[in-house]
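K.L.:
First the structure, which I've put down as structure tokens, then a few questions once you've had a look.
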Amino acid sequence: MSQINIRVNEQTDRLFQYLAEKRKIPKAVLVKEMLLENLKEKVLLKLLKEYEEGQIGLKTIANLLEMSPDEIFHQIVSNDIECPITPEIDDYTKKIADNIIQRLELDKNFKK
């Protein structure tokens, strides 16, 4: 694990101290939690934009932010991110999905 040291002004330090005392946790723990929460939130939007532009994949986002695929897909939908695939691939995967659905329906009807 790495360590990062930062300098803050007295007003910010007082704010951190106040919040830490209210939660009854060390100031360092509070600052770390706040940093990580905000970092993930801010970086996620940038990574999703890179995904939309085809610069990175979902696996990279999952690894960098330690998120599950479900969490990432939820963020993709929530932020109206377009999947970076060509129309040809989209048509091809739609045909595959349609075939799978047809087979499932046939199996379901056959078992009745």
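The values are calculated or read from the model by the stated rules, or taken from the named source; none is laboratory data. Not measured: the values here are computed from a predicted model. Cβ sites come from the backbone with ideal geometry, for glycine too, and all protein chains shown count toward neighbours.
K.L.:
Mind checking which helices (runs of 4 or more DSSP H) fall wholly inside segment 27-78 and carry at least 3 residues that are in the same structural domain as ASN5 (by TED's automatic domain parsing) and exposed (fewer than 13 other Cβ atoms within 10 Å of the Cβ)? Even if it seems obvious, please write down each step before you answer.
P.N.:
Values: elements: 27-52, 58-65, 69-78.
Here the list reads 27-52, 69-78.
K.L.:
Among the listed residues LEU106, LEU48, which satisfies the condition of being more than 30 Å from LEU19 (Cα to Cα) and either in contact with a Cys (Cβ under 6 Å, 6 or more places away or on another chain) or at pLDDT below 85 (or both)?
P.N.:
Working: LEU48 fails: either in contact with a Cys (Cβ under 6 Å, 6 or more places away or on another chain) or at pLDDT below 85 (or both).
None of the others qualify; the one that does is LEU106.
K.L.:
Of (1) at negative phi; (2) within 13 Å of the chain's Cα centre (by Cα), GLU66 satisfies all except one. Which?
P.N.:
GLU66 satisfies every listed condition except (1).
K.L.:
On the basis of being surrounded by 10 or more Cβ atoms within 10 Å (Cβ to Cβ), of a type in the set (Phe, Trp, Tyr) and more than 30 Å from ILE6 (Cβ to Cβ), does PHE110 make the cut?
P.N.:
Here the answer is no, as PHE110 does not meet what is asked.
So that you can scan it fast, the table gives a plain yes or no per residue for (1) touching a residue at least 24 places away in the same chain (Cβ under 8 Å); (2) not small (Gly, Ala, Ser):
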position	(1), (2)
ALA28	no, no
LEU36	no, yes
LEU39	no, yes
LEU44	yes, yes
ILE56	no, yes
LEU64	no, yes
PHE73	no, yes
ILE76	yes, yes
ILE100	no, yes
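K.L.:
When you scan segment 94-101, do you find a residue that is in a helix (DSSP H, G or I) and surrounded by 11 or more Cβ atoms within 10 Å (Cβ to Cβ), even just one?
P.N.:
Taking every residue of segment 94-101 in turn, none turns out to be in a helix (DSSP H, G or I) and surrounded by 11 or more Cβ atoms within 10 Å (Cβ to Cβ).
K.L.:
Moving on to the next point. Among LYS27, LYS46, LYS32, which is in contact with a Phe, Trp or Tyr (Cβ under 7 Å, 6 or more places away or on another chain) and not aliphatic (A, V, I, L, M)?
P.N.:
LYS27
K.L.:
For segment 1-26, enumerate the residues that are assigned to a helix (DSSP H, G or I) and either basic (Lys, Arg) or under 30 Å from ILE85 (Cα atoms) (or both).
P.N.:
ARG14, LYS22, ARG23
K.L.:
Anything in segment 79-88 that is surrounded by 11 or more Cβ atoms within 10 Å (Cβ to Cβ) and at pLDDT 80 or above? List them, or say none.
P.N.:
Residues of segment 79-88 surrounded by 11 or more Cβ atoms within 10 Å (Cβ to Cβ): 79, 81, 83-85.
Of everything in segment 79-88, those that are surrounded by 11 or more Cβ atoms within 10 Å (Cβ to Cβ) and at pLDDT 80 or above turn out to be ASN79, ILE81, CYS83, PRO84.
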